[in-house]
Every structure is written in structure tokens, then in C-alpha cells.
1. Search the structure for amide H atoms under 5 Å from the amide H of Thr150, placed 1.01 Å from N in the peptide plane, and list their residues when 5 or more places away or on another chain.
2. Using the 2.2 N^0.38 Å rule of thumb for compact globular proteins, work out how the chain stacks up: its C-alpha Rg over that value, please.
3. Taking DSSP loops as anything outside H, G, I, E and B, show the longest stretch in the chain free of GluC sites (Glu not before Pro) there with at most 10 other beta carbons within 10 Å.
4. Show log10 I(q)/I(0) for segment 76-132 at q = 0.17, 0.25 Å⁻¹, two decimals, from a solvent-free Debye sum over equal Cα scatterers.
5. How many nm separate the modelled label positions at Arg41 and Glu70, each set 7 Å beyond the Cα in the direction of the Cβ?
6. Give the value in nm², to one decimal: projected area of the alpha carbon convex hull of segment 374-526, averaged over all directions.
7. Quick one: work out Rg over Rh on the C-alpha atoms of segment 118-281, Rh as Kirkwood radius.
8. Please report, in cubic angstrom per residue, the volume enclosed by the convex hull of the alpha-carbon atoms of segment 20-77.
Amino acid sequence: MLTLGLEGTAHTTSASILDEKQIYSMVSRTYKPEKGGINPREAANFHFENVVDVIHTAIKESGFSENDIEMVGFSKGPGLPPSLKITAVAARAMALKLHIPIVGVNHPLGHIEIGRRETGANDPVMLYVSGGNTQIIAHKNGRYRVFGETLDIGIGNMLDKIARDMGFPFPGGPEIERMALNGSRLLDLPYSVNGMDCSFSGIYTAAKNLLKKGESENDVSFSIQEISFSMLVETLERALYTSGKNEILLAGGVARNSRLKEMISRMADDLEIRVFETPEKYCMDNGAMIGQAAILTYNNFGSQKIEDTAIDQMYRIDEVNTPWVSEMNIIYSNRGAESVITEGKFHDYDSIVKERIRKSYRNVELDLKLRNKRMKNEIVMLHRMMEAGINVPAVFSINEDRVSFEMEKIHGTQASNIEKMDKKLLEEIAESVSKLHERDIIHGDLTLNNMIIHDNTLYILDPSMGKISKTVTDKAYDIRLLKESMISIYGSEPYDRFEEIYRKMSETSNEVINVLHDIEKRRRYA
């Protein structure tokens, strides 16, 4: 079906003519502010002035006529509302003028589907990193799920802001990459990972303060890349284990950074999995990706009514059914994103040795610091959890030279591998999590992969990213990780039952869920 794809979520207005066999043309124009970041109203004015000519040029370059077009697809969201509105109006005008079907699609879905089309990736975990977006996405149970994302600003936004402070124009990411090549000293910046989520605003603030203190721009740029990219690769690797995939797909403008690609390649080589890079011309926002998503959507669900094409600036990819994806499910045994597990014996007890493994993609200094910190933190947090009445494995011995420790082996089944989440198990999970939070214990990676059921008893493992915090928001993020894990594997019904049970545990539990809902309402994007 010959399709006109229209993109216009932020700074770029783009049109493409394509069908299932070929992309015939793609024309894009990008708004570049004279100074500072994107001004939404100015970007919309830019779209208004350019969208018609972009469409006409794309049609002309395709070799087809306007009357040959059989469908129009457009970016419904997420994005900047003024830009989205211009694009939607243009799409509706073309649909009405040519009497053809119209389909509004999710913007990140376009990035995934053009990447799959152009690279041959089947069922990948996608790292989507751009100015406004930072997400790790994989397909589970009929939809793409967000396994991890930024908790504040996109990584591209962070790079642009610090570059702007150094006096460089938008986009600033390429300047940071250039200066990082001449840096060598790893400066102290926050390493902010929460399960499979990241936070970049703290890195920006700390880097800005380092510049004010006189640190070189080269070393600041080097440190920003080494630390923020390590965060991305760590969470990406964790998502591979959690989702059971063995392919990686890169998309978004920041995915063009050579250092980030090098780090991902090293991680993938260690795991013996394939990395697919979306071709550079389709890495940035473009009409072809929207057209591809529209074709797949139309072939499975048909056209939309004009009255159903309203924009949605918070349109999340996990709201979209995608039955055309054939899922895979790889089981990674005896290792995780950060460690290797070896079985053994400690006197008469079955044991496992958990060794924090060297990550070849990470800066050596940073890697050793993280491995030691997390090993020690895990041991301390296991002790605190045991004091709180949570079933955890007993720690037997520590080997600081190997960054490893030996602990009790818990025989049983991971909560992520059981057939059904019944009411009794959900009650036990809710009770255990409530006990943790009542004592201000934040697990930090509260997923079903870190829970084992043995003799109808729940054990909670691996609090290496945990901490003590009285903040309700930290507790809400704990629940958010559990929610994403539970929904991605078992659907929404078990989580809804868990939440209902957890709410009743205490006043604090009820407040935590209320804060979680507030957080989800104000999420930046999908």
C-alpha cells in the first residue's frame, strides 16, 4: 500500500513515500534555534511554514503522483503539542482531499519498526536514545513494553544542555563526543541507576558545577560519556536478561555516538548476541518510520476515523497492540547483568558464589568502584532485610580480592517462571514489600527475577542497588519496577490484585501507590 508518512513530534518535519517493498523518497527539514533549546511555538511555526513543501517534494521525488497515494500515516504522539497539531492537520487534509485512509501512530513505534525493517532484526531489545527520549523497549505479551527509561530528562537533552553551557549550539551531543576524545581523567559524577531506569539531571548539575570549578571541558565531556553511557549499557544488559531476547536494536540521534556504540558492541560480544544499528538516515526522526508503523497498523487494524485522530502528547508505546511481532524467549542461566553464579558447598549447606564480573565496556576505574560498592551494599542490605523479617539467603563468606561472596543457595522457582501468580503468592509479595517499606528499606531492583518461591515460601534476592530512604517517592519507584516486571510477564490483572492487597497493608503503602500514580501521570514521554 503506497503510503505518505508524516513525522512532526518536535524539531523535524518530514515526509516519506513508501510501501511494503521500497522507500521511494524521504524529505526532512529541521528547526534549529539560534540559541538555547527548542521553543515549542517556534518549532510549530517552522513546521507550518515547511510541511506543505516537504510533502510536495517527497511526492515529486518518489516518482508517483499525489493521486497514487493510498494511505496517510502521521505521528500522533508523544511530542510537543504545537508541532503534533501541525502534522495532524496536514495529515487530515491529505486524507480528506484524496479520500484515503488515515492512521495516527506512536512515534517510538516508528523507530522500532523502521529499524526492524531496515536491519532484519526480529525481536530485539531497543535502546532508543535521543534528545527527548531515553528508553529500553522490548516486546512481551502482544505489546512493546518499556523495560527502562529516564526518570527525568532524556540523555540527548542532558548532552545538549551541558554543551550549551560550554558555548556550543544545538545539537550539542556531537561537540561533547569530540571533546571527550581529548579527555582522560574520570571525574566524580553521580551514577544514577534504579533497576532498569536511569536519571541524568544529577549528572548535568554535577558536570555544570565541575565546569564552574575550572575542570577542563575535555575531562568533563569524557566523564559524562563514560558514566552516562555505562548506565545505559548496564540497564540495556539487564533488560536482555529480563525480557529473554538475544538481539539489540539501536535508534535515536544519540545512538550515532561512536563511544556508545563501542560499549554496546563489547557488551554484546561478551554475551554472543547481535547488535543492529538503524541506518543513520533513519536514526533521526523521519517520515519513513511513521509510514512503516502506519502500514503495519493499517494491515492489522484498518483505518481510523478522522474524529479518532486527535494528538496525544503522552502517548505511550505500551498502549499499542502489536500482533505482528513474533516473540522469542531466551533463558540465560547462572548469570545476570552484573554477576556470574557458581554452585558449591559450604560445609553441609548448598551454596552459590556470586562474583561481580569485570565489564569490558566500562572504564576500568569506574568498573572496580561499582563492583566493590555493590557487593558490599548487597551484603549489608541482605542483613537489613533479614532483620525486617524478610526471607533472604544467608551470607557465608566474602572474598574482596575476587569481588565475590558465598551465600546459601535457595532451591525453588523464580517468580518470573511460574505458571500463574495466584492470590496467596501476591499476598506474600505484598506483605514482604510492605515490611521493607515500613522499615524504609528500598530494594532498588524489585523485579520477579529477584524473587524465588521455595516450599510455598517467598525469598527476595539481590538488593545490591538498595538503600535506606524515608522518601515515599523512592518506595513508589520500587513498586514501579515490580509493576513493569509483573505486567510484562503476566499481564495487568496480577499486578492490579497485588496493588489492591499492598494498599491495605498500611497508611504508608496506600500513600506509596498514590505517589506512584502521580509519577505515572507526569511521565515525560513514552
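1. Those qualifying (amide H under 5 Å, at least 5 residues apart or on another chain) are Thr134, Cys198.
2. On the way: Rg = 24.0 Å, N = 526, 2.2 N^0.38 = 23.8 Å.
Scaled against compact globular proteins, the figure is 1.01.
3. The reported range is 35-271.
4. Log-scaled intensity ratios, in q order: -0.72, -1.01.
5. Between Arg41 and Glu70, the label points sit 4.4 nm apart.
6. Average of the hull's projected areas for segment 374-526 equals 9.6 nm².
7. So for segment 118-281, dividing Rg by the Kirkwood Rh gives 0.97.
8. It is 119 Å³ per residue.
Every number here is computed from the coordinates shown, using simple stated rules; none is lab data. If you're wondering where the values come from, they're calculated on a predicted model, not measured in any experiment. Backbone-built Cβ (ideal geometry, glycine too); neighbour counts: all protein chains shown.
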